[in-house]
1. In the list ILE272, ILE239, ILE301, which residue meets the criterion of being over 22 Å from ALA76 (Cα atoms) and buried (at least 20 other Cβ atoms within 10 Å of the Cβ)?
2. Going through region 247-268 one residue at a time, which ones are of a type in the set (Val, Ile, Thr) and within 15 Å of THR155 (Cα to Cα)?
3. So, of the residues in region 85-96 that are in contact (Cβ under 8 Å) with a residue 24 or more places away in the chain and of a type in the set (A, V, I, L, M, F, W, C), which turns out to be least open to solvent (accessible area, probe 1.4 Å)?
4. Take the residues of region 304-332 that are open to solvent by 30 Å² or more (accessible area, probe 1.4 Å) and assigned to a helix (DSSP H, G or I): which is farthest from LEU90 (Cα to Cα)?
5. Which members of region 209-224 meet the condition of being part of a loop (DSSP other than H, G, I, E, B), charged (D, E, K, R) and surrounded by 15 or more Cβ atoms within 10 Å (Cβ to Cβ)?
6. From the list TYR200, TYR183, TYR189, exactly one residue is in a loop (DSSP other than H, G, I, E, B) and either farther than 23 Å from ILE337 by Cα or open to solvent by less than 70 Å² (accessible area, probe 1.4 Å) (or both). Which is it?
7. Working carefully through the options ILE99, ILE68, find the one that is open to solvent by 20 Å² or more (accessible area, probe 1.4 Å), of a type in the set (A, V, I, L, M, F, W, C), at pLDDT 95 or above and not in a loop (DSSP other than H, G, I, E, B).
8. For PRO187, are the conditions met, namely being more than 24 Å from SER159 (Cα to Cα), modelled with pLDDT of 95 or more and out of contact with any Cys (no Cβ under 8 Å at 6 or more places or on another chain)?
Amino acid sequence: MPKFQSAPAYEHGQAGARGVLVVNLGTPDEPTASAVRRYLGEFLWDPRVVEMPRPLWWLILHGVILRIRPGRSARAYRKIWTESGSPLLLNSAEIVRRIGERLSVDSSRAPAAKTAVALGMSYGRPSIAAALDELHAAGARRIVVLPLYPQYSGTTTASVFDAVTSALGKRRWVPELRFINHYHDAPGYIAAVAQSIRDYWNAHGRGDKLMLSFHGVPRQTLLDGDPYHCHAQKTGRLIAESLSLGNDDWILSFQSRVGRAEWLRPYTDETIAALGRQKLERLDVVCPGFAVDCLETLEEIALQNGELFAASGGGTLHYIPCLNDREDHVDFLYRLIEQHSSGWPGTGTNTDDDETPDQLAASRQRALAMGALQ
């Protein structure tokens with residue numbers, strides 16, 4: 001019979017907290033081949049990421065990919081690594097810190113209510129399981145899960161759901177959950193991306209065309225019913241409308257494809273090369289599918305594709321940074337969390353679950369009198 005986790009032990013009279021679990025994809029611990037191999041081994045083994053029979057995929061992954069790709073990827077990571085570590089981890093942690101500050105000073109919340117915020121990564125550290133342990137230790141009995149993926153995909157958002165439910169399946173006392181599925185067309189998100197583009201144009205001028213590059217996925221996922229392609233298209237359209245762009249002013253594409261299977265088109269690299277051959281003087285690129293800057297934006301787009309654009313006959317490629325910890329981005333995510341917590345008992349909305357410290361103390365005394373150990 002399985003032994004379920006109970007630690008830290010529950011004490012009667014504890015004030016329950018709301019938990020917020022913010023999740024991003026993950027990153028190697030350091031830009032070395034061995035660290036990248038560990039990270040890729042975890043990432044690429046996820047059946048949500050690669051839908052292939054496990055025995056065959058194990059042979060391909062361990063016999064070919066993990067022998068070749070880690071060294072190449074480590075060299076790419078070294079180009080964008082900072083003195084403080086991985087940009088993806090640093091930017092994600094800063095967002096979590098600032099969301100936590102917002103939630104802790106919310107004057108509309110009842111005095112007894114508190115919120116604990118933790119960061120987890122689908123692959124690598126800190127893990128989703130470790131983040132849930134952190135929230136459990138803080139007394140979180142209700143948890144909002146926020147994957148930092150604006151557009152839903154089974155390869156990303158659903159893998160977060162799998163990891164969360166797997167970790168909680170080992171718990172004796174499972175918390176209530178609210179899972180934020182996507183926010184690809186949320187007005188606050190669209191407004192923040194559009195404003196970040198305006199801010200960049202105000203500071204650096206405006207290019208001849210704006211490219212909105214989203215992370216690609218195999219085309220088969222679209223045929224099998226994944227809404228990611230539709231979400232990306234709607235995000236692009238709404239951003240273009242917010243910026244009052246004409247049809248010839250912008251283009252949407254999909255990046256980061258690997259393997260021989262067909263992925264969502266048009267491909268970012270092929271499109272950039274074609275624009276270079278057309279002698280476009282300046283191309284601006286933004287990546288609205290990424291909440292924070294990472295390898296795919298800083299190295300693949302800004303460096304690799306910047307060189308490709310110039311080598312193909314184009315002028316200069318200007319990469320417009322992700323939202324990262326911009327004030328409007330943090331404010332939007334904070335409001336999104338509050339929206340998904342609305343009406344939840346015990347979150348400071350003056351419901352029956354919002355007990356005062358005196359009521360909690362009285363509850364504890366009653367429990368101890370009836371034989372409770374803690």
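1. Checking each option against the conditions leaves just ILE239.
2. VAL258
3. Per the criteria, the residue is ILE95.
4. ALA311
5. Scanning region 209-224 gives no hits.
6. TYR183
7. Selected residue: ILE68, the only one of ILE99, ILE68 that is open to solvent by 20 Å² or more (accessible area, probe 1.4 Å), of a type in the set (A, V, I, L, M, F, W, C), at pLDDT 95 or above and not in a loop (DSSP other than H, G, I, E, B).
8. So PRO187 passes the test.
The values are calculated or read from the model by the stated rules, or taken from the named source; none is laboratory data. Values in this document were obtained by computation on a predicted structure and should not be read as measured data. Cβ sites come from the backbone with ideal geometry, for glycine too, and all protein chains shown count toward neighbours. Note: accessible area is taken over every heavy atom of the protein model, side chains too, but ligands, DNA and RNA are not part of it. Shrake-Rupley method; radii C 1.70, N 1.55, O 1.52, S 1.80 Å.
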